[in-house]
Amino acid sequence: MILKDLRTMTLLDWLENDCLLNVENCEPASNDASFRRYFRVKIDGENFIAMDAPPDKEDIVPFMKIATLFKQANVNTPTLLQHNLEDGFILLEDFGSQWLLDELNEDNATQLYARALTDLLPLATNENLLNANLPPYDEKVLRREMALFEEWFVEQLLDEELPQDLWENVQQILVKSALEQPQVCVHRDYHSRNLMVLPNGELGVLDFQDAVLGALTYDSVSLLRDCYIDWSDDKIETWLRAYFEQLQTAKVVECDFAQFKRWFDLMGMQRHLKVCGIFSRLHLRDEKSEYLKSLPRTLNYLIKVCSAYSELHEFQVCLARFKAKNSG
């Protein structure tokens, strides 16, 4: 099936007439929460992925920069084959259709998460990545992301208000925890719908273009407290301890596990506050309501972390009320 809207016609024209490729087929490859679209194109019997990123809404230069940096650091990202800066098109290696999310089960989860966490190590240790002048994941960015929770989830979706003194205290706790961690390259969306299980058993890494220099635990909590699948606390702690020991061996961390676990928990709170806001915005503004089904899991993560730290108990009460209203 060859798709026939204006952008796909321009994409096909670029592939066929500028790149001189024989396109036999073109079909949607995946949905995305951004303005990017992905198509699976068959060229001379072989599949590739074509990215469509409208230049007025998406910039493909960061994608290309991070893809190159990650490749040099032996992070398994798709090879870039062709690009068109003017129109916002990229032709990529095809990592197939097997999301990690679809492959995970009780029998293989430990093995697959061990591989995914090991694959994170270059982001914390590779000198080229650490010195690549990536944007800082600083207090301004952390607070801007948490503001999405207040604006889109609390105010827009629930028609509620956050007690401002309480909310400011929560933000201060989370920002302090994030900034006191070792600062490393952060993928920023490292979870089961951005990791592909390849035929050789390795994992392929997607959606890396927003990488920043930020808190060490961000990617591990994105993976282990995934908004699309959840696991028992015991399993998560076992997997996290193994990752922590790898970081110790690599001399990335000098703290004990209790401190590392606190960083992990509070970093997850910051991320899940942001995600609640993003899922609400996707529903209210962008008419992508399928993300709402992941809100209860995300809220549960927040409430569980608050229950573990006395300084967050008051916020836990607030979150429980919001959860009840969201479920009503």
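A compact table of results
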{"read-out": "All positions within region 283-328 that are exposed (fewer than 15 other Cβ atoms within 10 Å of the Cβ), of a type in the set (Lys, Arg) and touching a Cys at 6+ places or on another chain (Cβ under 9 Å)", "value": "none"}
{"read-out": "Verdict on Ala147 being aliphatic (A, V, I, L, M), in a helix (DSSP H, G or I) and surrounded by 14 or more Cβ atoms within 10 Å (Cβ to Cβ)", "value": "yes"}
{"read-out": "Filtered residues of region 162-185 (kept if aliphatic (A, V, I, L, M), within 27 Å of Lys251 (Cβ to Cβ) and crowded, with 20+ Cβ neighbours inside 10 Å)", "value": "Leu174, Ala178, Val184"}
{"read-out": "Qualifying residue in region 199-210 (condition: of a type in the set (A, V, I, L, M), farther than 16 Å from Val275 by Cα and either out of contact with any Leu (no Cβ under 6 Å at 6 or more places or on another chain) or modelled with pLDDT under 95 (or both))", "value": "yes"}
{"read-out": "Members of region 172-205 that are assigned to a loop (DSSP other than H, G, I, E, B) and of a type in the set (Ser, Thr, Tyr)", "value": "Tyr190, Ser192"}
{"read-out": "Failed condition for Glu254, given (1) closer than 18 Å to Val186 by Cα; (2) in contact with a Pro (Cβ under 9 Å, 6 or more places away or on another chain)", "value": "(1)"}
{"read-out": "Search result, residues across region 76-94 that are of a type outside the set (Gly, Ala, Ser), in a loop (DSSP other than H, G, I, E, B) and over 25 Å from Leu123 (Cα atoms)", "value": "Leu85, Glu86, Asp87"}
{"read-out": "Matching residues in region 176-201 - criterion: being under 19 Å from the mean Cα position of the chain (by Cα) and within 21 Å of Thr298 (Cβ to Cβ)", "value": "Ala178, Val186, His187, Arg188, Asp189, Tyr190, His191, Ser192, Arg193, Asn194, Leu195"}
{"read-out": "Condition met for Leu85 (surrounded by fewer than 13 Cβ atoms within 10 Å (Cβ to Cβ), farther than 25 Å from Leu195 by Cβ and free of Cβ contacts under 8 Å to residues at least 40 places away in the same chain)", "value": "yes"}
{"read-out": "Output for region 275-314, where each listed residue is within 17 Å of Ser177 (Cα to Cα), in contact (Cβ under 8 Å) with a residue 24 or more places away in the chain and not charged (D, E, K, R)", "value": "Leu302, Val305, Cys306, Ala308, Tyr309, Leu312"}
{"read-out": "Exclusive hit being buried (at least 18 other Cβ atoms within 10 Å of the Cβ) and of a type in the set (Lys, Arg), set Arg262, Arg225", "value": "Arg225"}
{"read-out": "Residue match in region 206-220 (condition: touching a Gly at 6+ places or on another chain (Cβ under 8 Å) and either hydrophobic (A, V, I, L, M, F, W, C) or outside any loop (DSSP other than H, G, I, E, B) (or both))", "value": "no"}
{"read-out": "The listed residue being within 21 Å of Leu319 (Cα to Cα) and modelled with pLDDT of 95 or more, out of Asp256, Asp226, Asp219, Asp234", "value": "Asp226"}
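Condition check ((1) surrounded by fewer than 19 Cβ atoms within 10 Å (Cβ to Cβ); (2) within 19 Å of Arg36 (Cα to Cα); (3) among the aliphatic types (A, V, I, L, M); (4) in contact with a strand residue (DSSP E or B) (Cβ under 9 Å, 6 or more places away or on another chain)) across all residues:
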position	(1), (2), (3), (4)
His187	no, yes, no, yes
Leu195	no, yes, yes, yes
Val205	no, yes, yes, yes
Leu213	yes, no, yes, yes
Ser220	no, no, no, no
Asp233	yes, no, no, no
Trp239	no, no, no, no
Leu247	no, no, yes, no
Val252	yes, no, yes, yes
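The values are calculated or read from the model by the stated rules, or taken from the named source; none is laboratory data. Worth saying up front: this structure is predicted, and the values here are computed from it rather than measured. With ideal geometry, Cβ positions are generated from the backbone for all residues, glycine too; neighbour counts draw on all protein chains shown.
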